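Working notes for the structure below.
The values are calculated or read from the model by the stated rules, or taken from the named source; none is laboratory data. Because the structure is predicted, anything quoted here is derived from the model rather than measured. Cβ placement follows ideal geometry from the backbone for every residue including glycine, while neighbour counts extend to all protein chains displayed. Please note that ligands, DNA and RNA were not included when accessible areas were found on the heavy atoms of the full protein model with its side chains. Shrake-Rupley method; radii C 1.70, N 1.55, O 1.52, S 1.80 Å.
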Amino acid sequence: MFCPFCRHPDSRVIDSRTSDDGLSIRRRRQCPECGRRFSTTETASLNIVKRSGVVEPFSRDKIVAGVRKACQGRPVTDSDLAMLAQRVEETIRQTGASQVKANEVGLAILPPLRELDEVAYLRFASVYQAFDSLEDFEAAIARLRIEHGSRTERTERTEGDSGAGVTRPAES
């Protein structure tokens, strides 16, 4: 590590701390030549291999930008998109690979987007999975209904004292 002040080719680590998110390490260094101190931040590199073979660094911003288009007009906040991008990055980093195919990133986006907004999920999936016909949409909607139906089967409507329906967990 070159000293940013005198360009000496070596430095000594004085202190190391992990960041709050645990994805990087902040190191406090001192130059043995000039004695000045400086900080560095180290992160594990994560690169995306595109279909064309081009390799580029992973970017949460690109995830947010891509998903934002699918969420246009939907009740999804910037904070929701930032959390989605963080979940996607965590999922990808858990693989332990330093290079990941762009296709795997798209697959990692689908589950959290489905939880966030089913309409946005369908929009994104239709482009990402290259839906060619109405049958592709119908099949995706049928899968959503099956999953949604299994969730609602776990609850049943019962009448309360006021006569209004109250949702309670179903008894097994």
Across the chain, where is the longest run that never hits trypsin sites (Lys or Arg not before Pro) in a DSSP loop with at most 13 other C-beta atoms within 10 Å? 52-153
Let me check something: with ligands and nucleic acids excluded, how do Leu113, Leu122 order by accessible area (1.4 Å probe), largest to smallest? Leu122, Leu113
Percent of accessible area on the chain owned by carbon and sulfur, 1.4 Å probe? 49
Would you mind checking the tilt of helix 134-153 against the longest principal axis of the Cα atoms of the chain, expressed as 0 to 90 degrees and rounded to 10? 80
Within 10 Å, at most 13 other Cβ atoms, and a DSSP state outside H, G, I, E, B define an exposed site. Report the longest part of the chain free of exposed chymotrypsin sites (Phe, Trp or Tyr not before Pro). 6-172
Taking Kirkwood radius over Cα pairs in Å as the quantity of interest, determine which of [x] 20.3; [y] 18.9; [z] 16.0 was computed from the displayed structure. [x]
Going by amide H atoms built from the backbone, whose H comes under 5 Å of the H on Lys101, apart from near neighbours? Val49
For the chain, whose charge dipole is built from +1 on Lys and Arg Cβ atoms and -1 on Asp and Glu Cβ atoms, the candidate among Leu81, Cys3, Ile25 with its Cα farthest towards the positive end is Cys3
Stretch gain in nm, segment Val119-Val13, where the contour uses 0.36 nm per residue and the Cα spacing is subtracted: 33.1 nm
Here FRET efficiency (C-beta to C-beta, Arg145 to Arg28, R₀ 41 Å, nearest 0.05) is 0.15
Residues whose modelled amide H sits under 5 Å from the amide H of Cys3, counting only those 5 or more places away in sequence or on another chain, are His8, Asp10
MRE, 222 nm, helices only [DSSP H, n ≥ 4, -39500 (n - 2.57), over the chain, to nearest 500]: -14000 deg cm²/dmol
